[in-house]
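First up is the structure itself, then whatever we jot down about it.
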4 protein chains.
Amino acid sequence: MRGPFVGIIGAGSCESSVEELAAEVGREIARKDAVLVCGGLGGVMTAAARGAKEVGGFTVGILPGSSTQDANVYIDFPIATNMGQARNAVIVQTADVLIAVSGGYGTLSEIAMALKIGKTVIAIQNRFSIPGLKTAQTPIEAVQKALVSLRERSSPTITI
Amino acid sequence: MRGPFVGIIGAGSCESSVEELAAEVGREIARKDAVLVCGGLGGVMTAAARGAKEVGGFTVGILPGSSTQDANVYIDFPIATNMGQARNAVIVQTADVLIAVSGGYGTLSEIAMALKIGKTVIAIQNRFSIPGLKTAQTPIEAVQKALVSLRERSSPTITI
Amino acid sequence: MRGPFVGIIGAGSCESSVEELAAEVGREIARKDAVLVCGGLGGVMTAAARGAKEVGGFTVGILPGSSTQDANVYIDFPIATNMGQARNAVIVQTADVLIAVSGGYGTLSEIAMALKIGKTVIAIQNRFSIPGLKTAQTPIEAVQKALVSLRERSSPTITI
Amino acid sequence: MRGPFVGIIGAGSCESSVEELAAEVGREIARKDAVLVCGGLGGVMTAAARGAKEVGGFTVGILPGSSTQDANVYIDFPIATNMGQARNAVIVQTADVLIAVSGGYGTLSEIAMALKIGKTVIAIQNRFSIPGLKTAQTPIEAVQKALVSLRERSSPTITI
């Protein structure tokens, strides 16, 4: 197996400043030889996958629809779940650790499901107040914290 | 079709004071001839379904596992999704409106998915700060607000 | 829990002679106080649910889409899985035993998944040659064989 | 996107002669620069993924469980669906074309779902009599027929 698998979650459409953060997260994931896992569509997902491909990384897109053609052009391996937003659970289960970049309700559901099953989530430009959610100020810090958490494999100490 | 379908979401194990709130929500749902939809397991789900059955209502339990035998004894119609926590999306899609009773990460994921697709969520003993989430002080108020929202069919005016 | 739960599977559009068979299966399921579980849409599903309602039975429709409004008018309890044809697995897991009325590829997938997990399937107007699949000549015989199989709870003796 | 994506389906445990067929299918898929998609577990799935890795191909494993650790060691990109056998639908949707190597009920369900949505399935050591299912005598013939079908993009002309 390749890996580790770092999930990146965020809105399907967003401002360019958020896209640039996501792209830098994607680049840093690839620089560390981790595999980027995301929802395969637009906004944060496209920007992050683009970043990963710029530095030669691998990208997996777990799509809500029934066609792999829905994936953005930076996705190497699209998965057509046809589960709608229930595919968020598949992203969370497949990723070893997750990084949230800003985001709305969909991202919030992913954070909650990840924490529910004991996975670490690092948020940049965090908009949510959730016990157990960790934060970072920069893409590089976020990826570093994510990869360190995998080595520690510690459960979150604060949960609800 | 019977209905309306009111979803009740909350933790699978909880204090007896929370269970009593859930049971009263269940009773009130049934008194209003609505159908109770829940996750079919313990804690808030058992208490709410028990309440609904006490006054002759119907209960649907959308289970995470593969066997209908997992349902609590107050569930009339168990659905064996075998989807794990992705079944939370099925609860949210099936319910016309949702009432959250306290709850943890799993409940938070359901609130987020419901708001994502424009469904109203009323929270009692609310633990979360989420734009667009409505609150109630009592079970009767929660059910009343839930049913009124169906008549108004208004989209949430505050979203993220 | 109510029950037993008898799944009825078949094509979403079919000839009127097949619809009449399905309706009679639905009536017989309801006469025996069993709950009818189906895919909630047209053809065999509509006819069977109509039959069950004609004699006062309960009907559950496990839908492929995201809206309970997709259900045919004879469904009491619609479930909006939004899983596409993966919802066939949910029908199979939720039903205690299944009756196939004619059918095409979708029905074949349900028969295969049911036999895979050791559930009995009785086929009327059977179009498939599958080891372990049982057959009946009439709706009444099919429902009788289905309910007897639940009492016996024997595993299929021929499998592949 | 990489690709095309060729799905290989078959039993989770099988005789060594079937494993050797599957391994050769995997090798041929990789020689043609296609990506192998499978269920990620044992038997035909392990053998095919091993074959693909022997000649430097990429492998995707769409798992029924909740942990990527369930994947066999030849899977590069494991997807943890936690959907049980409903994951068969995800394999079928994700693959552009499928090759069945022998197989039992699970494989039959995948063949049926694939034909339902108009995808070509080529069977080696075919055990099923299904209208629209194509056959091949050797792994090389199977992969050739699969890839040709993608160029033709013709719908199956015989369906049920």
For a bin width of 10 Å, list the pair-distance distribution of region A:1-55 built from all Cα-Cα distances, rounded to whole %. 31, 56, 13, 1
Distances in nm from residue A:12 to the matching label points in the other copies, shortest first (labels 7 Å along Cα to Cβ): 2.1, 2.9, 3.3
Could you check which residue among B:83, B:45, B:113 shows the biggest mean-square fluctuation in a GNM of chain B with a 10 Å Cα cutoff? B:83
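Counting other Cβ atoms within 10 Å, keep those with at most 15, restrict to DSSP loop, and tell me which trypsin sites (Lys or Arg not before Pro) in region C:95-156 are left. Don't skip to the answer; put the middle values down first.
Working: sites: C:116, C:119, C:127, C:134, C:145, C:151, C:153; in loops: C:119, C:127, C:153.
Those satisfying the criteria are C:127, C:153.
Roughly how big is the protein assembly as shown's charge dipole about its Cα centre, with Cβ charges of +1 (Lys, Arg) and -1 (Asp, Glu), in debye to the nearest 20? Show your work: numbers first, answer last.
Details: 56 positive and 52 negative charges, 0 e Å.
For the protein assembly as shown, the charge dipole is close to 0 debye.
How many times 2.2 N^0.38 Å is the alpha carbon radius of gyration of region A:74-160? All intermediate terms of the calculation are to be shown ahead of the outcome.
Details: Rg = 12.9 Å, N = 87, 2.2 N^0.38 = 12.0 Å.
Dividing the Cα Rg of region A:74-160 by 2.2 N^0.38 Å gives 1.08.
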Once you order the gyration tensor axes a ≥ b ≥ c over the Cα atoms, which shape class does region D:52-113 get: rounded for a/c under 1.5, otherwise prolate or oblate by comparing a/b with b/c? oblate
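What is the ratio of the Cα radius of gyration of chain A to 2.2 N^0.38 Å, with N the residue count, to two decimals?
Against the empirical 2.2 N^0.38 Å value, I get 0.91 for chain A.
Can you give me the relative contact order of region B:11-160 as a percent, contacts being Cα pairs under 8 Å and 6 or more apart? Mind showing how you got there, number by number?
On the way: 309 pairs, mean separation 28.6, N = 150.
Relative contact order here is 19 percent.
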Can you give me the C-alpha center-to-center distance between region A:1-21 and region D:9-79, rounded to a whole angstrom? 29
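Placing +1 at every Lys and Arg Cβ and -1 at every Asp and Glu Cβ, with all other atoms neutral, what dipole size does region C:1-130 have around its Cα centre, in debye to the nearest 20?
On the way: 10 positive and 11 negative charges, 59 e Å.
Value, rounded to 20: 280 debye.
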With +1 on the Cβ of every Lys and Arg and -1 on the Cβ of every Asp and Glu, and nothing else charged, how large is the dipole of region C:1-66 about its Cα centre, in debye rounded to the nearest 20? 280
Shielded by partner chains, region C:112-128 residues - at least 20 Å² of accessible area, 1.4 Å probe, vs chain alone: C:112, C:113, C:115, C:116, C:127
At q = 0.11, 0.12 Å⁻¹, what is the base-10 log of I(q)/I(0) for the protein assembly as shown according to the Debye formula with one equal point scatterer per Cα and no solvent? Please give it to two decimals. -1.07, -1.24
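If each residue of separation counts as 0.36 nm, what is the full-extension length gain between residue C:117 and residue C:150 once their alpha-carbon separation is subtracted? Write out the running numbers ahead of the final one.
On the way: separation 33, 0.36 × 33 = 11.88 nm, distance 1.45 nm.
My answer for the length gained is 10.4 nm.
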Distances from residue A:127 to the same position in the other copies: list them in nm, one decimal, shortest first, using label points 7 Å from Cα along Cα→Cβ. 2.3, 4.9, 5.2
GluC sites (Glu not before Pro) within region D:1-58: which are DSSP loop residues with at most 12 other Cβ atoms inside 10 Å? D:15
Global geometry of region D:90-141, whether rounded, prolate or oblate, following the gyration tensor of its Cα atoms and the 1.5 cut on a/c: prolate
What gaps in nm, shortest first, separate residue A:33 from its twins in the other copies when you place the label 7 Å past Cα toward the beta carbon? 2.6, 6.6, 6.7
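The values are calculated or read from the model by the stated rules, or taken from the named source; none is laboratory data. What you see is a predicted model; the values in this text were computed from it and never measured. Here the Cβ is made from the backbone with ideal geometry for all residues, glycine too, and neighbour counts use every protein chain on show. Calculation scope for accessible area: heavy atoms of the full protein, side chains included, ligands and nucleic acids excluded. Shrake-Rupley method; radii C 1.70, N 1.55, O 1.52, S 1.80 Å.
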